[in-house]
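The values are calculated or read from the model by the stated rules, or taken from the named source; none is laboratory data. Only a predicted model underlies this, so the values are computations on that prediction, with no experimental measurement involved. Glycine also receives a Cβ, built like all others from the backbone with ideal geometry; neighbour counts cover every protein chain displayed. Ligands, DNA and RNA are stripped out before the accessible areas are found, and what is left, the full protein with its side chains, is counted by its heavy atoms. Shrake-Rupley method; radii C 1.70, N 1.55, O 1.52, S 1.80 Å.
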Amino acid sequence: MPAESLASHLRELDAGALLAAVHYEGDDYDTVFRHREIEKSYTDDEFEEMAKHFVLKGFDDPLEQPEFSRFGHLDATVRWFHEVVVIQVPLDEWAGIIVAFDRESIEDTGTLVDGLLEFVEENIEDHGDPDDDVDEFAEEFS
């Protein structure tokens, strides 16, 4: 994934103050961007713990959800906290992107989510690959 271009794209949207961006695949993830205010407010261990919990939340919201199949696949989940908005975009059953923004800085959530989805569609080849092997992923946790 072109990590630097994701952070750059989100800043260019000018739809909100980007605080952090994480790309995950299975139980492994990369911090794509971390704002200096986040670095000041959280120790590395605290940030890692928080990122890990958001990745686990991402597994709860996979791309394909059979119970809602009439609606199509899940494009994004938006979590509104008092001070932060977190958007998770599943790329497949076990991968995704999680971005966090300062809540007060967001003027138009729709523009923000649409811009993020546009980036995913244009830059991530295997978005929603139904052939991913769930059993292979499960073996990583055995």
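So here's what we get for this one:
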read-out	value
Residue in the range 36-53 that is hydroxyl-bearing (Ser, Thr, Tyr) and surrounded by 13 or more Cβ atoms within 10 Å (Cβ to Cβ) present	yes
Those residues of the range 46-58 which are within 11 Å of the chain's Cα centre (by Cα) and not small (Gly, Ala, Ser), in sequence order	54, 55, 57
Verdict on residue 110 being modelled with pLDDT under 95 and farther than 14 Å from residue 15 by Cα	no
Checklist (1) open to solvent by less than 40 Å² (accessible area, probe 1.4 Å); (2) within 14 Å of residue 9 (Cβ to Cβ); (3) out of contact with any helix residue (DSSP H, G or I) (no Cβ under 8 Å at 6 or more places or on another chain) applied to residue 87, failing item	(3)
Filter pass, residue 64 being in contact (Cβ under 8 Å) with a residue 40 or more places away in the chain, of a type in the set (D, E, K, R) and farther than 24 Å from residue 5 by Cα	yes
